[in-house]
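The numbers here are math on the coordinates, done by the rules we state, and not lab data. On a predicted model such as this, the values are computed, not experimentally measured, just so you know. Reconstructed Cβ throughout: ideal geometry from the backbone, glycine too, with neighbour counts over all protein chains shown.
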Amino acid sequence: MTRGGHGVDATGGEGRIRIDKWLWAARFYRTRSLAAEAIEAGHVRVDGERVKPAHPVRTTSRVTIRKGEFTWDVEVLGISERRGAAPQAALLYGETAQSVATREAAVAERAKARAGAVTARPTKRDRRKLEDFLNEP
């Protein structure tokens, strides 16, 4: 750790940090308390195991994060106790190719489902046509 405990080299010095702090610094969650809640709920796993918010995470640890219908499978590349800009946070982890492909497929499927959904309310004419269709013998 650097002087005063304000952070560790983001290039992956031989340090450890709490998983809730790391998730917050890597910008997966807006606050540490949200990260801790997700960990307690079992949405975050380190090396395939459920952990507590105080569990130390090291470089080369594998973290799986589930938020809604999306899942990130990342490897810890760096450690930082400070939450920085998004480009700096992206240097703290590397996402697996399979995780990227799975997430992109889910996004595409969601967009496809949204495109096929009726977005506007039916007009009076549309409603009458539907009623006529449903009332046919």
Computed from the beta carbon distance with a Förster radius of 41 Å, FRET efficiency for K52 and A120 to the nearest 0.05 stands at 0.25
Using Cα positions and a limit of under 20 Å, work out the lysines in reach of K52, with same-chain residues fewer than 8 apart set aside. K21, K67
Taking square-rooted eigenvalues a ≥ b ≥ c of the alpha carbon gyration tensor, is segment 3-134 rounded, prolate or oblate, where a/c under 1.5 means rounded and, failing that, a/b exceeding b/c means prolate? prolate
